[in-house]
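Just so it is clear, none of the values below were taken in a lab; they were calculated from the coordinates. If you're wondering where the values come from, they're calculated on a predicted model, not measured in any experiment. Here the Cβ is made from the backbone with ideal geometry for all residues, glycine too, and neighbour counts use every protein chain on show.
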Amino acid sequence: MSETADVRIRGAGIGLRSQHHQEIIARQPAVPWLEVLSENYYAAGGTALANLEQIRNLYPITLHGVGMSLGSTDPLNFDYLARLKSLADRFEPEWLSDHLAWISVGGEYVHDLLPLPYTQEALDHVVARIDQVQDFLGRRILIENPSTYLSYRDAEMSEWEFVREVAESSDCDILFDVNNAYVNASNHGFAATNYLDALPAARVREIHLAGFAQYDNYLFDTHGERVHPPVWELYQLTIERIGPVPTLIEWDTDIPDLEVLVAEAEKAQTALEAHSCSA
Amino acid sequence: MQRLNQLQRRVREAIMAADADGTEVCAASETVNATHGLSSPEHLRIYRRAVTGTFTRALGQLYPVTMRLLGREFFDGMASRYMRITPSHSPDLAEYGSSFAEFIEGFEPAAGLPYLPDVARLEWAWHSAFSAADETALNIDGLGEVPESDRDRLVFALPASAALLASQYPVHRIWQVNQDEWTGPEEVDLDEGAARLIVWRRGYDMRIDPLQDNEWSLLSDLTGNVPMRVLSNKFPDMATLLPHCVEHGWIAGFQLAESTD
């Protein structure tokens with residue numbers, strides 16, 4: 001854990017959603033930080049940006065995106081990265097994150113986070129890309145383990161080994177999504193605690209929590225409900241292993257009232273504080 | 001990287017191909033593990049459904065009146081046809097869907113609602129205005145200080161958010177009665193006549209203003225950077241028409257064109 005006195009992001013925050021802009025500005029709920037979805041603020045102007053300007057003065061923020069397409073075999077999209085950089089220059093997030101996935105190939109975007117095959121070829125490729133991105137942005141990024149619904153036959157390592165190797169080789173940090181680890185463990189038949197054994201604790205700077213949906217033969221990462229009990233259990237194990245890392249409640253479909261998000265964050269906050277006291 | 005590139009292309013084709021049981025899905029299935037309860041093609045179809053959902057939801061949010069006029073199910077069906085033949089070229093999903101109106105024009109099952117493409121055009125203009133650049137350098141205030149000798153060289157600009165839209169149908173009325181907050185009568189007489197509109201944003205306030213013929217002609221010319229010298233000959237009522245348009249906010253700025261003399 002890289003805990004220093006000037007770190008502004010601590011405790012359990014919530015994802016900022018446009019439905020809640022006005023209420024957050026008016027009521028200023030007691031959450032320690034907010035995560036902002038980069039793609040929602042690429043407009044040239046308008047209310048969303050104006051609201052964010054106000055909200056940014058009230059809370060420390062992080063930027064979380066889905067657009068880097070880090071795993072893609074296309075050239076990096078420097079137009080996108082330039083927009084991201086100017087967004088970061090304007091709103092000064094504590095850090096920026098994206099996913100260990102690809103969303104485009106042949107210049108066409110599918111707007112869904114597709115998994116990489118866990119091969120040496122893919123590892124070398126994505127490490128080189130993260131290097132380029134970090135050079136361009138002039139800062140270290142966090143990469144998140146995505147939820148996945150398929151695995152490839154030619155995999156040469158496990159996904160937790162892949163995440164660890166990418167982070168170590170590209171010297172980037174990790175956003176560990178506990179829910180995604182749980183969903184993948186269930187979908188692909190492994191123990192989610194493998195992740196806890198593999199992750200380099202010092203690189204894990206943020207944790208994500210969200211709700212999944214149970215479909216016929218698989219779990220789907222909807223971000224559309226409360227965090228499930230087994231995910232809370234895995235979260236507990238996670239902070240015991242890697243420390244009280246800043247934690248975020250994500251909610252993207254069927255977005256509820258702000259209080260529901262705040263209550264979920266309070267639950268995570270309680271777990272973080274209990275850990276801090278017992279440590 | 002060649003193997004990875006080939007794999008990504010196969011997976012993308014499996015996800016975007018029109019046929020969920022077609023050769024594209026079969027080809028990509030060879031690279032994907034089967035698991036307890038799910039075959040390889042079924043794993044790919046999870047992504048097909050997710051991606052279809054992402055695109056149709058995005059289009060539904062962008063074109064809510066179009067969706068309301070067609071009903072959710074019909075709209076989703078149409079949107080999923082559109083997304084299969086219209087790739088997205090930007091990581092920003094908000095940039096997707098600009099050609100939806102043209103697609104609807106050729107979409108036979110929706111031909112019974114001939115005004116639909118123009119409704120979609122109106123919604124795209126609204127979407128674009130919503131996120132357009134803020135007017136920070138409103139320079140129209142200095143208009144009175146331009147010396148008489150330079151007036152012929154004046155070129156005017158509409159607000160950055162503005163789009164002009166003409167339709168033979170009363171699309172503004174159709175749009176209005178399909179807003180959630182609308183409480184008036186929901187019938188619109190299609191013979192009510194043509195609509196000429198400017199869709200724009202004043203500050204953060206979204207606006208759709210109907211235009212008179214002369215207002216429309218002037219503003220259309222302005223989008224083509226036609227200089228004052230030409231405009232004053234074309235519009236005999238320029239002395240009142242111009243201040244009128246400025247007052248409404250439809251003209252946001254001006255500059256002086258290079259002298260052509």
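Some observations on this one:
- For chain B, built as a Gaussian network whose Cα springs stay under 10 Å, the top-fluctuating residue of B:Leu59, B:Leu241, B:Leu116: B:Leu241
- Dipole moment magnitude, nearest 20 debye, chain A about Cα centre, only Lys, Arg, Asp, Glu C-beta charged: 620 debye
- Expressed to the nearest 5 percent, the antiparallel share of DSSP beta bridges inside the protein assembly as shown is 50 percent.
- For the peptide B:8-21, the mean number of other protein chain Cβ atoms found within 10 angstrom of a residue's Cβ is 3.
- In this structure, the amide hydrogen of A:Gly106, modeled 1.01 Å from its nitrogen in the peptide plane, lies closer than 5 angstrom to those of A:Asp74, counting only residues at least 5 positions away or on a different chain.
- Overall Cα dimensions of the protein assembly as shown - principal axes, largest extent first, Å: 81, 56, 51
- Leading residue at positive end of dipole, the range A:1-109 (Cβ point charges), from A:Phe91, A:Gly65, A:Val31: A:Val31
- The range B:1-113: C-alpha gyration tensor shape, a/c 1.5 cut-off, then a/b vs b/c: prolate
- Three-way shape label, chain A, alpha-carbon gyration tensor, a/c 1.5: rounded
- Pairwise label distance in nanometres, B:Ser232 with A:Ser169, each label 7 Å out on the Cα-Cβ vector: 7.0 nm
- When DSSP beta bridges are restricted to pairs lying wholly in the range A:12-278, around 15% turn out antiparallel.
- Taken one residue at a time, the phi angles of the range B:61-67 give Karplus couplings (6.51, -1.76, 1.60, θ = phi - 60°) of 6, 7, 10, x, 6, 4, 5 Hz. Gly and Pro are set to x.
- Sparsely packed GluC sites (Glu not before Pro) within the range A:46-124, loop by DSSP, other Cβ within 10 Å at most 12: none
- Rounded to the nearest whole Hz, the Karplus-based 3J(HN,Hα) values (6.51 cos²θ - 1.76 cosθ + 1.60, θ = phi - 60°) of the range B:113-125 follow the sequence 10, x, 7, 4, x, 6, 4, 5, 4, 4, 5, 5, 4, with x at glycine and proline.
- Considering helices alone, the calculated mean residue ellipticity of chain B at 222 nm is -14500 deg cm²/dmol, with DSSP H runs of length four and up weighted by -39500 (n - 2.57) and normalised per residue.
- Stretching the chain fully between B:Gln212 and B:Arg49 yields a gain of 54.0 nm (0.36 nm per residue, less the alpha carbon separation).
- Phi-derived couplings, Karplus 6.51 cos²θ - 1.76 cosθ + 1.60 at θ = phi - 60°, listed residue by residue for the range B:25-39: 5, 4, 4, 6, 4, 4, 9, 10, 6, 8, 10, 3, x, 10, 7 Hz, with x used for Gly and Pro.
- Residues whose amide H lies under 5 Å from that of B:Leu154, counting only those 5 or more places away or on a different chain, are B:Met228, B:Arg229, B:Ala257; hydrogens are built 1.01 Å from N in the peptide plane.
- Listed by Cβ neighbour count within 10 Å, with the fewest neighbours leading, A:Asp171, B:Asp141 appear as B:Asp141, A:Asp171.
- Dimensionless Rg ratio for chain B, taking C-alpha atoms and the 2.2 N^0.38 Å reference: 1.33
- Among B:Asp134, B:Asp209, B:Asp19: highest mean-square fluctuation, GNM of chain B, C-alpha pairs under 10 Å: B:Asp19
- Taking every alpha-carbon pair under 8 Å whose residues sit at least 6 apart, the range A:12-278 reaches a relative contact order of 17 percent.
- Three-way shape label, the range B:131-261, alpha-carbon gyration tensor, a/c 1.5: prolate
- Of the GluC sites (Glu not before Pro) in the range B:1-77, the ones in a loop by DSSP (not H, G, I, E or B) with at most 13 other beta carbons within 10 Å are B:Glu30.
- The amide H of A:Ala101, built 1.01 Å from its N in the peptide plane, has A:Leu70, A:Gly71 as neighbours under 5 Å, considering only residues 5 or more places off or on other chains.
- Principal-axis analysis of the Cα atoms of chain B puts helix B:72-85 at an angle of about 90° to the longest axis.
- GluC sites (Glu not before Pro) restricted to DSSP loop in the range B:118-203 with at most 14 other C-beta within 10 Å: B:Glu181, B:Glu186, B:Glu187
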